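For reference, the structure discussed in these notes is given below.
The values are calculated or read from the model by the stated rules, or taken from the named source; none is laboratory data. Everything numeric in this text was worked out from a predicted model, so none of it was measured. In this analysis, Cβ positions are derived from the backbone assuming ideal geometry, glycine residues included, and neighbour counts consider all displayed protein chains.
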Amino acid sequence: MVCIPSTQTSALARLATDADTARRLLDDLSESFGTGEAAVAAFEEAGGWTVEIYFEQPPDEVAVRTLFGDLAGDAARERLTFAAVAAGDWVAQSLARLVPVAAGRFVIHGSHDRHRIAPNRISIEIEAGLAFGTGHHGTTQGCLAALDCILNRRRPRRILDVGCGTGVLAIAAARATRRQVAAGDIDPVSVRVARDNARRNRVGALVKVVHANGVSDRRMRARGPFDLVFANILLGPLKRLANPIRRVTAPGGRIVLSGLLPGQANAALAACRILGLVLERRILVDGWITLVLARPAARIVNVGRAAKGGRGVAVLA
């Protein structure tokens, strides 16, 4: 949560726009502002969409307008409005807009909706805050839908969440399987938030979150090889991490990739197929693609007899 006394006031930037622009701005603005500088929200209301940025400190309004113009055009820059707001008021209003979201057997919700979750669903309680990922984004929902499908066929024993953000996917996997889950993020604030969320969801002993760039941390790799790996990041990092992720995935394991627009899916697949990974499923949620890939299991191949009467030579392929 954004923990600021309710008597303190700061600035709120607000833009009414369409759904596609709102989704694009939500991602781009989350990337543009450093953790702790601002909190970004997008929500549907009155037949349209609204993007809001709450600033802990008064912003440079000219710079913010310029950024909106660069990301969404001159019209967005002109329509952007600023207002003074009490921190507590903004947080309360944002929470009220974060209605529960279902993805397969999972439901993501805030504490204010805890009483609304059916007992037969796996609930994941995540509060709005400065770390990216309340679970309402299409990429997260796609990954949860993929997890639901995977769990219908198998129960992974070793699980990894690369770029875990607030820990939604790691928490979901731990709650569904009661297995240990390794998780990492390059942002130290996200690491702290993910740990807090794991404890809030009663899987603090199962979800081990470390500060890591990709899969570079030895503490994460030591828990592998993994039967299931999540990487809900962006196309650039996905392409760079494709081979390291394949190496820590066990033969027969599954890799769930997201953070991809439809036009980026083939580029991600090309980077994965060259490594021998096989596409099993595509999931489209709110204009975002999630890919489920498999690392084929090792096969025993008989390559014949070395000499007459000799034994066959078996190799792993």
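What to note about this one:
- Yes/no for ARG246 being surrounded by 16 or more Cβ atoms within 10 Å (Cβ to Cβ) and in the same structural domain as ASP148 (by TED's automatic domain parsing): yes
- Among the residues of the stretch 151-173, those that are crowded, with 24+ Cβ neighbours inside 10 Å, at negative phi and touching an Asp or Glu at 6+ places or on another chain (Cβ under 8 Å) comprise ILE159, CYS164, LEU169, ALA170, ALA173.
- All positions within the stretch 104-129 that are in contact (Cβ under 8 Å) with a residue 60 or more places away in the chain and among the hydrophobic types (A, V, I, L, M, F, W, C): PHE106, ILE108, ILE124, ILE126, ALA128
- Taking the stretch 146-183 as the range and being free of Cβ contacts under 8 Å to residues at least 40 places away in the same chain and under 14 Å from the mean Cα position of the chain (by Cα) as the test, only ALA183 passes.
- Inter-residue pairs, beta-carbon under 8 Å, first part of a helix (DSSP H, G or I) and in the stretch 64-81, second among the polar types (S, T, N, Q) and surrounded by fewer than 16 Cβ atoms within 10 Å (Cβ to Cβ), 6+ apart: ARG77/THR66
- Single condition ARG218 does not satisfy, out of (1) in contact with a strand residue (DSSP E or B) (Cβ under 9 Å, 6 or more places away or on another chain); (2) modelled with pLDDT under 95: (1)
- Checked against (1) crowded, with 24+ Cβ neighbours inside 10 Å; (2) assigned to a helix (DSSP H, G or I); (3) out of contact with any Ser or Thr (no Cβ under 6 Å at 6 or more places or on another chain); (4) polar (S, T, N, Q), ASN197 passes all but condition (3).
- Single residue of ARG192, ARG178 found to be surrounded by fewer than 21 Cβ atoms within 10 Å (Cβ to Cβ), out of contact with any Pro (no Cβ under 7 Å at 6 or more places or on another chain) and at negative phi: ARG192
- Some residue of the stretch 237-247 being touching a His at 6+ places or on another chain (Cβ under 8 Å) and at pLDDT below 95: no
- Long-range neighbours under 9 Å by Cβ, at least six apart or interchain, first residue in contact (Cβ under 8 Å) with a residue 24 or more places away in the chain within the stretch 269-290, second of a type in the set (Asp, Glu) and in a helix (DSSP H, G or I): GLY287/ASP20
- Condition check for ASP60: in contact with a helix residue (DSSP H, G or I) (Cβ under 7 Å, 6 or more places away or on another chain) and either modelled with pLDDT of 80 or more or within 30 Å of GLY263 (Cα to Cα) (or both): no
- Just one of the numbered conditions (1) within 29 Å of ASP196 (Cα to Cα); (2) of a type in the set (Val, Ile, Thr); (3) touching a helix residue (DSSP H, G or I) at 6+ places or on another chain (Cβ under 8 Å) is not true of ILE283: (1).
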